[in-house]
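Some notes on the structure that comes next.
Only the coordinates and a few stated rules stand behind these numbers; no lab work does. Quantities reported herein were computed from a predicted structural model and do not represent experimental measurements. All Cβ positions, glycine included, derive from the backbone under ideal geometry; neighbour counts span all protein chains shown.
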Amino acid sequence: MKNTAFLSSTAILLLLSTGTAFAQQTLEDRVRTLEHFARRGIDPARIEFVDYQPREQYLKTYRRIDIVLDTHPYNGHTTNLDALWMGLPVVSLYGQTAVSRAGLSQLSNLDLRELATDDRDRFVSIATSLARDVARLAALRATLRDRMLRSPLTDARSFTRDIESAYRGANVVYAKSWGALPYFGRWDEEKPIRDRYRHFIVDEAKMALTDHGVFSHCLPLRRNVKATDAVMDSPACIAIDEAENRLHVQKAIMATLVAQTGNRESGIGNR
């Protein structure tokens with residue numbers, strides 16, 4: 001929201017595209033969005049779409065924003081963290097699924113749990129009250145980055161210990177990484193991020209911590225990006241190389257996992 005939205009008839013709603021393959025908006029998407037707001041009496045001139053930008057320019061866009069609305073059913077993840085890093089409060093409407101609770105998790109780790117709710121009316125109320133509180137908005141903009149630096153969100157040592165603890169005794173390792181998501185499809189930009197955080201890749205040492213666990217993934221998986229060749233080529237790997245439909249892949253993984261678990265418990269062994 002631009003300026004003190006909910007109070008001013010000149011407030012602007014900015015809708016940002018992350019530039020990822022599944023987040024690109026078509027012209028039809030944007031027309032449909034404008035029509036949705038128009039039916040509710042909102043002048044289309046107050047809706048602005050912001051296309052993908054290089055990261056430096058993208059972060060500067062947050063200077064035009066006062067409050068980030070984190071909507072249901074799919075919360076912001078990296079974009080929320082970017083907003084908070086730039087000093088912007090995030091008001092989050094959360095649900096029951098993992099992808100709808102990212103905002104709640106992030107805000108709880110920042111001791112800002114009061115900015116998250118699972119009630120739609122309360123969501124509007126929180127955003128409205130915050131928009132009216134110019135002093136608090138200014139204080140948050142001045143202190144949020146330091147708050148993040150002192151929070152578990154940026155405590156890499158503790159995070160790494162938690163990951164290592166999670167590996168110990170695990171039956172299944174499922175690789176998931178969001179850190180380079182804004183650069184997906186642009187390998188020249190994504191690779192430096194991946195290289196910087198190579199310690200997160202699933203390798204033989206991490207798999208050795210598990211209880212003879214299997215390695216799983218629901219989408220085509222790039223080698224040596226989320227898992228090493230040694231893990232990918234091991235009998236414990238049940239990642240799917242190709243799939244036309246994500247749901248079909250998930251079903252295939254579950255079927256394979258159940259079969260392998262049954263075989264191991266009956267003494268037959270892995271495939």
(message) Which of 77, 199 has the fewest other C-beta atoms within 10 Å, and how do the rest follow up to the most?
(response) 199, 77
(request) Sort all Cα-Cα distances of the stretch 13-154 into consecutive 5 angstrom bins from zero, then give the percent of pairs in each bin up to the one containing the longest distance. (result) 2, 9, 17, 21, 23, 17, 8, 3, 0
(message) Taking the beta-carbon count within 10 Å as an exposure proxy, list 91, 202, 134 from fewest neighbours to most.
(response) 134, 202, 91
(request) Note down the Stokes-Einstein diffusion coefficient of the stretch 41-103 in µm²/s, whole number, using a Kirkwood radius over alpha carbon pairs, 25 °C, and 0.890 mPa s. (result) 191 µm²/s
(request) For residue 60, go through the aspartates and glutamates and keep the ones whose alpha-carbon is under 15 Å away, minus same-chain ones fewer than eight residues off. (result) 51, 82
